[in-house]
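Here is the structure we will look at.
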Amino acid sequence: MHKQIFVNLPIRDMQRSRAFFEAMGYAFNPQFSNDQGACLVLGENLHAMLLVHDFFKGFTAKPIADAREVSEVLVCMSCDSREQVDALVAKAVAAGGTTPRAPQDHGFMYAHGFEDLDGHIWELVVMTGEMPPAAA
């Protein structure tokens, strides 16, 4: 199957977006980054390509959704602990992001998330226990 994922997200301001994610502790792969696009490293084989609008338009004939107005995707990433989830959300808010909803504790899973500067929603989850049995 697949070995890597690159989620492509349109952004308005490269410098602001890079500063936002760097303030959260993330790094960028310089091999795949320039003024038009930046490769945000989320994990060993997990990446988000932050593409300025004019460059993003070269990949699609469809209009670019304004993520501050409509939901076009929910990016969900696993974390190692509740503390990591809460720490990343706190860093996002300190860097100018927002929290679209309160933390959710489902017993077997804890989730919280943030919206980045362009309105993209990033969900952070940690599995904290056994999943409940599936409904019949």
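Just so you know, all these numbers are worked out from the coordinates, no wet-lab data involved. These numbers come from a predicted model, not from an experiment. Cβ placement follows ideal geometry from the backbone for every residue including glycine, while neighbour counts extend to all protein chains displayed.
Across the range 88-111, what is the total count of residues that are in a helix (DSSP H, G or I) and buried (at least 16 other Cβ atoms within 10 Å of the Cβ)?
Going through the range 88-111 one residue at a time, the tally reaches 4.
One line per residue, one yes/no per condition, for (1) surrounded by 14 or more Cβ atoms within 10 Å (Cβ to Cβ); (2) outside any loop (DSSP other than H, G, I, E, B):
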position	(1), (2)
68	no, no
75	yes, yes
86	yes, yes
113	yes, yes
118	yes, no
125	yes, yes
129	no, no
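Restricting the search to the range 74-84, which residues are of a type outside the set (Asp, Glu) and closer than 19 Å to residue 41 by Cβ?
Matches in the range 74-84: 75, 76, 77, 78, 79, 84.
Report every pair of residues separated by at least 6 positions or lying on different chains whose Cβ atoms are under 9 Å apart, first residue within the range 79-92 and of a type in the set (Lys, Arg), second assigned to a helix (DSSP H, G or I) and surrounded by fewer than 17 Cβ atoms within 10 Å (Cβ to Cβ).
Here the result reads 91/23, each pair linking the range 79-92 to a residue that is assigned to a helix (DSSP H, G or I) and surrounded by fewer than 17 Cβ atoms within 10 Å (Cβ to Cβ).
Name the single residue, out of those in the range 12-33 being under 17 Å from residue 93 (Cα atoms) and basic (Lys, Arg), that is surrounded by the most Cβ atoms within 10 Å (Cβ to Cβ).
Among those that are under 17 Å from residue 93 (Cα atoms) and basic (Lys, Arg), it is 18.
What are the residues in the range 17-38 that are within 15 Å of the chain's Cα centre (by Cα) and over 22 Å from residue 84 (Cα atoms), if any?
Result: 38, single match.
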